[in-house]
């Protein structure tokens, strides 16, 4: 496994993210919480052979969950929204 696969964990495929991809050519990934924007940009460009225009990141806080009387928290995670150059796409998202 390359260092880029450690940075980009997996794509986030939801209805809202599919709309972002179709309308604005933006792709959403769950990434390593310590990764910064330049590292994410380099990883996407190397893994998918595309040109990245911009990267926005969000740290999603873990939710409080209960099992019976025990209370815990889910882990925090980082989401990256990557805008790809017009005319390019990442075919691994189900596009042909």
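The values are calculated or read from the model by the stated rules, or taken from the named source; none is laboratory data. Not measured: the values here are computed from a predicted model. With ideal geometry, Cβ positions are generated from the backbone for all residues, glycine too; neighbour counts draw on all protein chains shown.
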From the options 40, 33, residue that is assigned to a helix (DSSP H, G or I), at pLDDT 95 or above, under 15 Å from the mean Cα position of the chain (by Cα) and surrounded by 10 or more Cβ atoms within 10 Å (Cβ to Cβ): 40
Members of region 1-30 that are closer than 21 Å to residue 86 by Cβ, modelled with pLDDT of 95 or more and touching a helix residue (DSSP H, G or I) at 6+ places or on another chain (Cβ under 7 Å): 26, 27, 28
Residue in region 9-30 that is surrounded by the most Cβ atoms within 10 Å (Cβ to Cβ), counting only those that are in contact (Cβ under 8 Å) with a residue 60 or more places away in the chain and in a strand (DSSP E or B): 27
Matching residues in region 43-59 - criterion: being out of contact with any strand residue (DSSP E or B) (no Cβ under 7 Å at 6 or more places or on another chain) and free of Cβ contacts under 8 Å to residues at least 24 places away in the same chain: 49
Options 65, 78, 85; residue that is surrounded by 14 or more Cβ atoms within 10 Å (Cβ to Cβ) and either touching a strand residue (DSSP E or B) at 6+ places or on another chain (Cβ under 9 Å) or on the phi > 0 side of the Ramachandran plot (or both): 78
Residue match in region 60-67 (condition: within 13 Å of the chain's Cα centre (by Cα), in contact (Cβ under 8 Å) with a residue 24 or more places away in the chain and not in a helix (DSSP H, G or I)): no
